[in-house]
Amino acid sequence: MSNRIYYTDPQCTEFDAVVSATTRLGERPAVALDTTAFYPTSGGQPFDTGTLGDARVVEVVESDLGEVWHLLDRELETGRRVHGIVDRERRFDHMQQHTGQHILSAAFDRLSRARTVGFHLGAVVSSLDLSIDLPAQAIAAAETEANRVVWEDRPVGIRFVGEAEAATLPLRKEPERGGTLRVIDVEGYDLSACGGTHVARTGAVGLVAALSAERLRGGTRLEFVCGGRALRSLRTFRDAVSACIRHVSVAPEELPAALERLQAESKDQRKAMRDLQEHLAGYEAAALAAAAEELDGVHEVIRAVDGRDQNGLKAMALAICGTSGFRAALFSTTAPYVAVLARSNDGRADCAAALKELMAAFGGRGGGRPELAQGGGLTGDLQQILAAARAALARH
């Protein structure tokens, strides 16, 4: 069993060790060491990365038997002495997030009696699952409280206690296992059994920032960031807000109202545009109908129409076929082509069958009814598609 340096000295990121065993996990060679500072995925915290000699550590896992396996990019032989270097930046990031989680969870527990029932330390943001549904003001209060504890720069200690002593301690959460427990002690604020890596003082967490919250199974899922991640999030939000206010020329606090106003104006403009397009479609449809070719008593319009999407083509086709004795096949002018086939109520053509024939020849997807069918994704020569549509409507 490996001596786990991270249990007693999470700040340690360089060490010497001997390869005690080798194996393969999936496609990767893996080694166990007589001592290690590499943290394996556990308790919601991801693994460390780094190097062992000239080998790169790409993942660290713990077996069911409690052995720590280091997955490598190359083989290392049993008995070899190696110098291990843990990726310090990744380790410190995980320490900031995990310690920040302890403080934030304690703040929710103290202020709202909201218990933490789940924790995940993600690559970009972390999440807490809380036992009750919390309003925005309760989340803001816990965020403020957590940062107060961070800025007080309290010591964060590590203790190992037996079951008897653990039963006398005011642990925030009931331990999930018995035996000797490793306890993380945020001085005067939180006491929790935990095997993860943590900073030595709360000030190293830097900042705790709640990003979003949603209801989840009667509770609350909160996304948050700490330390360096909080700084990166601030920069992202700053740059996004700055770009927005340059476009709308308002102060940052006026941005939500300005965006709401722009959305309302855009909605009105889209409605006005649709109304105009419908009127224009009616005029264009009338012109196309007037120029329609007559074949066996049926007026036929087979055309590619520029500047129309599927809705526009549909409106035109329905307008053309609103009068008895018409059938129409309208297409967009750019590939992949959109198609709308329609006929008058007194017509006999099966538009759905004709479209199916077109798609068999030119690809695409779609469907419909005998009186109206529409699809998209047709490819090929447009003139050939128009000719095929004419023939298909005649056959069906």
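Determine which member of the set Asp93, Asp109, Asp64 is among the charged types (D, E, K, R), outside any strand (DSSP E or B), surrounded by fewer than 23 Cβ atoms within 10 Å (Cβ to Cβ) and without any contact (Cβ under 8 Å) to a residue 40 or more places away in the chain.
Asp64
Just to check your reading of the model, which residue among Ala138, Ala210, Ala193, Ala166 is crowded, with 16+ Cβ neighbours inside 10 Å, in contact (Cβ under 8 Å) with a residue 60 or more places away in the chain and at negative phi? Quick ask: steps written out before the conclusion?
Working: Ala138 fails: in contact (Cβ under 8 Å) with a residue 60 or more places away in the chain; Ala193 fails: in contact (Cβ under 8 Å) with a residue 60 or more places away in the chain; Ala166 fails: in contact (Cβ under 8 Å) with a residue 60 or more places away in the chain.
After applying the criteria, what remains is Ala210.
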- prompt: What is the residue count in segment 343-374 for residues that are surrounded by 17 or more Cβ atoms within 10 Å (Cβ to Cβ), of a type outside the set (D, E, K, R) and over 20 Å from Phe326 (Cβ atoms)?
  reply: 4
- prompt: Does segment 10-19 hold any residues that are in a strand (DSSP E or B) and surrounded by 16 or more Cβ atoms within 10 Å (Cβ to Cβ), and which are they?
  reply: Phe15, Ala17, Val19
message: Need the failing condition index for Thr334 against (1) over 39 Å from the mean Cα position of the chain (by Cα); (2) part of a loop (DSSP other than H, G, I, E, B); (3) without any contact (Cβ under 8 Å) to a residue 24 or more places away in the chain, just the number.
response: (1)
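Give the residue, chosen from Ala349, Ala272, that is assigned to a loop (DSSP other than H, G, I, E, B) and out of contact with any Ser or Thr (no Cβ under 8 Å at 6 or more places or on another chain).
On the way: Ala272 fails: assigned to a loop (DSSP other than H, G, I, E, B).
Just a single option satisfies the conditions, and that option is Ala349.
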message: Looking only at residues that are in contact with a strand residue (DSSP E or B) (Cβ under 6 Å, 6 or more places away or on another chain) and among the aliphatic types (A, V, I, L, M) in segment 116-131, which one is surrounded by the fewest Cβ atoms within 10 Å (Cβ to Cβ)?
response: Val117
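Quick one: is Glu75 of a type in the set (D, E, K, R), assigned to a loop (DSSP other than H, G, I, E, B) and over 29 Å from Arg177 (Cα atoms)? Explain how you work it out, then say what you get.
Values: of a type in the set (D, E, K, R): yes; assigned to a loop (DSSP other than H, G, I, E, B): yes; over 29 Å from Arg177 (Cα atoms): yes.
In short, yes.
Bear in mind that the values in this text are calculations on the coordinates, not laboratory data. Model, not experiment: these values are computed from the prediction. Please note: Cβ atoms are built from the backbone with ideal geometry, for glycine as well, and neighbour counts cover all protein chains shown.
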